[in-house]
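Here's the structure, in C-alpha cells; my notes come after.
Any read-out appearing in this document is the output of simple, stated calculations on the displayed coordinates, not a laboratory observation. It should be emphasised that the depicted structure is a prediction, and the values quoted were computed from it without experimental measurement. We place every Cβ from the backbone using ideal geometry, glycine too, and count neighbours over all the protein chains shown.
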Amino acid sequence: MNAWSLRLVKLAYGLIALAVLLSAVAFFPPRWFLPLPYALLPMAPNQPVLIVCWIGSMIALAYGLLRFGPKRIMISTGTFAYLFLIYVFVVAMPSADRWRGEKPFANRVRQIIDGRTADLTFFGNSELSFYLELPRAVPEYRSRSELNDAVRQGRVHWLVTRRRDLDYLPAPFHVAASETTYLWNTNERNRNAMVLVQVEWPRR
C-alpha cells in the first residue's frame, strides 16, 4: 500500500470511526439536540440491543486502531456494518412499524366500507391497495378535473385521498377516517396524510 492509498484508507476509517462515536446520540432524547418538530421524535427503540451493538462497534474500533493494518481495518469495518444492519433491519425498522399509519388506516377503511369495494375510489394514492388486500382492483383518478367530473356525475361515494386535496372536492363530504399523524410530523407530512371521505351528493 503506497503512501497516498494509506492516507485515503486512514481518512475513510477515521470518518467511519467518527460516525460510530456520534451514533451515541441515539441514547439520548431527541429534544436534546434536534429542532422542532423533530425534537418530539421518540427515543431509539430497544435501547439494550442498541447498547450491545454500540459497545461491539467500540470494541471493533479499538481492535482496528490498536495495530492499524489492512486486515484489522477489514475486520473492524465489517463488524461495524454487520452490527449496524442488525440493529436497523432486525430491531429498529420492525419497531418503527407502530408509527406507520398506512396499515391501521387500511384496516379502518376495510371496516367502514364493509365489503362494498365497488363504492371505493382512489385519488392519487393507489399504493394503499397493498394494505387493503381487496378482492378486486379499486379505480383511481389521477387528475383533479377527472375526479371532479366523476363526483359531479355521482360516480364517487367513498374516496381515499390526501388531506391536501380536500379543498378541491366540488361536493359536500365528511371525513370518515384519517391516517394517524404525530407531533413530530411536519405540516407537509400532515397535509399528505390519507383520509377516507364519504361524498354526500346523491349518486346516480
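Observations on the structure shown:
- Only one item in (i) 51, 17, 16; (ii) 55, 19, 13; (iii) 40, 23, 17 matches semi-axes √(5λ) of the Cα gyration tensor in Å derived from the coordinates shown, and that item is (i).
- The mean sequence separation of alpha-carbon pairs under 8 Å and at least six residues apart, normalised by the residue count of region 3-99, gives a relative contact order of 26 percent.
- Antiparallel bridge percentage (DSSP; both residues within the chain; nearest 5): 65 percent
- Helix content alone sets the calculated 222 nm mean residue ellipticity of the chain: runs of n ≥ 4 DSSP H residues at -39500 (n - 2.57) each, divided across all residues, give -13500 deg cm²/dmol.
- Among the DSSP helices (H) of the chain, those spanning at least 20 angstrom by Cα along their long axis with an average Kyte-Doolittle hydropathy of -1.0 or more are 3-22, 47-66, 70-85; this is a geometric and hydropathy rule only.
- Put in line by how crowded their Cβ is, counting other Cβ atoms within 10 Å and starting with the fewest, S145, S76, S23, S95 read S145, S95, S23, S76.
- Most fluctuating residue given options Y141, Y168, Y182, as computed from a GNM of the chain linking Cα atoms under 10 Å: Y168
- Average Cα contact separation per residue, the chain, under 8 Å, 6 or more apart, as relative contact order %: 17 percent
- Between L65, L120, L147, the Gaussian network model of the chain with springs among Cα atoms under 10 angstrom shows the greatest mean-square fluctuation at L65.
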